[in-house]
Each structure stands twice: as structure tokens, then as C-alpha cells.
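Read through the structure below, which is laid out as C-alpha cells, and then see the notes.
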Amino acid sequence: MEVKHCIIGAGPTGLGAAHRLRELGQESFVILEKNAYPGGLSASFQDGQGFTWDVGGHVLFSHYPYFDRLVEGLLAGDFLEHQRESWVRARDAWVPYPFQNNIRHLPPEARWECVRGLLPGRRPEARPANFREWIECVFGRGIADIFMLPYNFKVWATPPELMDFSWIGERVSVVDLEGVLKNIILERDDVGWGPNNTFRFPLRGGTGEIFRRLARRVEDKIRYGAGVVRVDAAARSVTTANGEVVRYETLLNTGPLDLLVREWLADPDPALVEAAGGLQHNGVHVSGLGFASDRKDSRCWMYFPGQETPFYRLTNFHNYSPNNPPAPGLAALMCETSFSEHKPEDLAGIMGRTEDGLAACGLLPEAERKAMASRWQMHVDYGYPVPSLTRDRALAAIQPRLEAQGLFSRGRFGGWKYEVGNMDHSVMQGVEWAERMVQNTPERTYALETHGNVR
């Protein structure tokens, strides 16, 4: 098979690229997808009891007019709009998110611990060298110890001192001491921060419905069950697990960049393989708990920095859409637990420990636990690309040398940049790559900036 453009992966980035190629009048392309379904990490699944589950707590918000128009056209009004309500469980208290703006909900001793850490002269003044030091500089030791440090370790499964902080941007609300004190004195909450303060969600089918519909627009170009085993950059060919060989002019990889370099490339450059060792990631286990009764709880999701739960986040998935459970009056909770070499987890026993954690926080009465309607679980080995101290140096060494060979790697793990790894970012990385290939316009979302770690 010979095509102009070969795309590895039918997730958000690969489908975004294919859709844009077709919009631009290009028909000589193919998508190779290892699974039997589209969507990648944004796929959704229905269990045997009829509950719909996502691979994590996805929500729909955007930085791009193109993405907005695309999703609106795909869903055609079949979506719901929500005002975010999220909380943090810390020191046996529930604190509205952002945590640092609402510490008035903590017990008095913990509240004072947070305020004391913010007072003049208490925070380190030296330029931070890593994410841990950045947290302590910005938030002080109290907020750092109670929430930021333990929570981020639970999410990333990586010690914060091994992570960079250049990725943060709009993802973390910084702290204002005057505002914190006003909120305490006036007993008011400050919950409006963040780009996902309002979000959308498909009415039916979970997040995966977006990408099932997008896949239909390029269905004739997708080859399912076509996992890649070899990429020969010199011959410009890809070999799949079933032995098919696809010859191309340009290749877009949306699979994990480290796998491309270490396992798929024919005769890989040892320098690239060494550089790929600087790319770190975690895995994520998702536990879905379906209930045969309603759970009156207005919260969208909750964060858990403490060790009483294995999971870092809990989503009231039935609040996203009433169709996520199989019938009205049922409830669905979805919990996420990370794992890595720094944070090993016994995945075989994670469901039981998840239920124990919910019970410890008062969220799972014994009667409801015994009457559970459904238990669903799934883990992915590639959950989050970690913004490690070695990441930018690795990308600067790998990406230009691949592109010189007509090989482009984009998307959450193809590009390995969490800061542009949201759903909208991922789709637009594919869109902008297609525009670059056809129109020679520069990509805007994915760029190889040189941060402090790169020399």
C-alpha cells in the first residue's frame, strides 16, 4: 500500500489530522489503529450492566474556535453544559477547589499552618530548580504539605523534585495572601478560577462518542487491528502486526514517542534511544462503581491528597450525563489511581482498596457496598506524560532528527508535552500538522521551546 500520509493512531490527534486532510482535499492517507475502536485515551466503554465509563475524568472545554465548531458539528446539540463544582478532601475536611483560595474550610490548626506558610519571609526566595521547590515558593510549606505535594505525587506517581515546573501555565491557580485572608474573615468561597470552570459533556456515549462520530467521517481510511511493529524511516515504510507494509511520504505518529524510538524504528540511532530514556510517564487505573440507587451529590469531581485512599480523583460520573448509568435513578462513581516505578500499585487488589478508601471518607456506606450494581475497571500503562527534569532535553534531541526524516510525532504521548495534552490541544496538534503538510503553515500548539533544563 502506498499513501502520501500515514497516520499511526485513531485517537484525538490522528483523527484530527485525518479530518483536516480531507477538508483540505487530500485523500491519499491511511490511519493505522491497533485497537478495534477509535478514541485512544478518549474512548468510552459500556460494561455488562449497561454503565458507560470513560478512561478517566474527561471534560470538554476549549482554547480553539476550530475545535469548538468541530465538536458542535459532531454532537449537533447532543451535549450538556455544567458549572464545575469540585472539592478537595484534606485533614478530614471538604475544601472547595481551588484549595489555596478556600482554606477557611480546614480545621483551625491546619488553616493557620497554611496561612503561616504564606506570611512574608516564610517562603523560599531562591529561583526554584524543580516542581517541589516551585510549590514551596508559591504556596508556602502549609499548603504544600497538606495538599500540593501529596496530591501531585499521587497524580504523577513521580516525586515532585524530579519534575520541571515550566508546564504549569493555566493549570494551577497561584495564591494571593490578601485574598486568602479576606475569604477567611468574610467566610466566603472563591471557586470560579480555571479554564474548565464551565464544561460540556456528550449527552450519550461518554467522551468516546465525540471520536466515534469523528471517526465515521474518515471511516474508509481507518485500518483497525493494525498495530505498528516497525517503522523504516530510510525506506519510508511502516509494517503492521499482521504483516502489511505501508509506504508513505510523511508519517504522523500519535503513539508513545519512547516506543517509536526504542521499539519501532528500524536501526535506531543509539543517541535517540539514549535520549528517549529521559521521557517518563505513569500509568492510570480506572475503577468504575455502579449503584442501583441514586446518590444526591452536586459535586462534579473530588481530589484526594491523603493516604486513606489509593485514588487521587473521584468523579460523580452520573452528574456528567444521566445516560452514563443505564437507567434513571442510578449512580456511577469513577476513581483514578496512578502507578509507576516510583509508586507501584497492586492492580489486582485496587478495586477493593478503592472501596475501602471511599468508605473511610464516608462516601460508601456498607449497605451500598453490598448492593453494588456494577464494578468495572481498566488500566492504561500510558496515562500521563510526566514533565520530568529530563523531558525538554530529550524532546530537543529527538524531534528535530525525526522530522528531518519525514517523521512527525504529535499528541498527548506522541508529543510528550502534558501542557498541550488536553483533548482540544490533542485534536489541534493533528489539525495543525495537516495544515503544515498541505499548506506549509507553521504549527502553533506544539513547539519545542527551550526551557531552563535545555542548554
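The values are calculated or read from the model by the stated rules, or taken from the named source; none is laboratory data. This is a predicted model, so every value here is computed, not measured. In this analysis, Cβ positions are derived from the backbone assuming ideal geometry, glycine residues included, and neighbour counts consider all displayed protein chains.
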Grab the strands (runs of 3 or more DSSP E) fully contained in segment 63-106, keeping just those with 3 or more residues being within 22 Å of the chain's Cα centre (by Cα).
79-83, 86-90
I need the full set of residues from segment 396-423 which are hydrophobic (A, V, I, L, M, F, W, C) and in contact (Cβ under 8 Å) with a residue 60 or more places away in the chain, in order please.
Ala397, Ile398, Leu402, Leu407, Phe408, Phe413, Trp416, Met423
Considering segment 260-298 alone, what residues qualify as being in a helix (DSSP H, G or I), buried (at least 19 other Cβ atoms within 10 Å of the Cβ) and β-branched (Val, Ile, Thr)?
Val261
Considering only segment 35-49, state which residues are in a loop (DSSP other than H, G, I, E, B) and on the phi < 0 side of the Ramachandran plot.
Asn35, Ala36, Tyr37, Pro38, Ala43, Asp47, Gly48, Gln49
Look at Gly357 and say whether it is within 30 Å of Leu272 (Cα to Cα) and touching a residue at least 24 places away in the same chain (Cβ under 8 Å).
no
Applying the selection to segment 254-272, what residues are touching a strand residue (DSSP E or B) at 6+ places or on another chain (Cβ under 6 Å) and under 15 Å from Asp381 (Cα atoms)?
Gly255, Pro256, Leu257
Of the residues Asp145, Asp190, which single one is assigned to a helix (DSSP H, G or I) and charged (D, E, K, R)?
Asp145
Is segment 299-308 home to any residue that is in a strand (DSSP E or B) and among the small types (Gly, Ala, Ser)?
no
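Residue by residue, here is whether (1) buried (at least 20 other Cβ atoms within 10 Å of the Cβ); (2) assigned by TED's automatic domain parsing to the domain that holds Asp232; (3) touching a Phe, Trp or Tyr at 6+ places or on another chain (Cβ under 9 Å); (4) among the small types (Gly, Ala, Ser) holds:
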site: Glu345; (1), (2), (3), (4): no, no, yes, no
site: Glu366; (1), (2), (3), (4): no, no, no, no
site: Ala397; (1), (2), (3), (4): no, yes, no, yes
site: Glu403; (1), (2), (3), (4): no, yes, no, no
site: Gly406; (1), (2), (3), (4): no, yes, yes, yes
site: His425; (1), (2), (3), (4): yes, yes, yes, no
So, first residue small (Gly, Ala, Ser) in segment 19-46, second residue modelled with pLDDT under 95, Cβ within less than 7 Å, six or more apart or across chains; the pairs are Ser42/His58
Result of the Cβ filter at 9 Å on segment 287-312, keeping first residues that are basic (Lys, Arg) and partners that are outside any strand (DSSP E or B) and buried (at least 22 other Cβ atoms within 10 Å of the Cβ), at least 6 apart or interchain, is Arg295/His318
Can you tell me which residue within segment 259-277, out of those that are acidic (Asp, Glu) and at pLDDT below 95, is nearest to Ser388 (Cα to Cα)?
Asp269
Residue satisfying condition, being out of contact with any Lys or Arg (no Cβ under 7 Å at 6 or more places or on another chain) and not in a strand (DSSP E or B), within set Ala373, Ala367, Ala332:
Ala367
Restricting to segment 109-142, what's the tally of residues that are under 26 Å from the mean Cα position of the chain (by Cα) and not in a helix (DSSP H, G or I)?
3
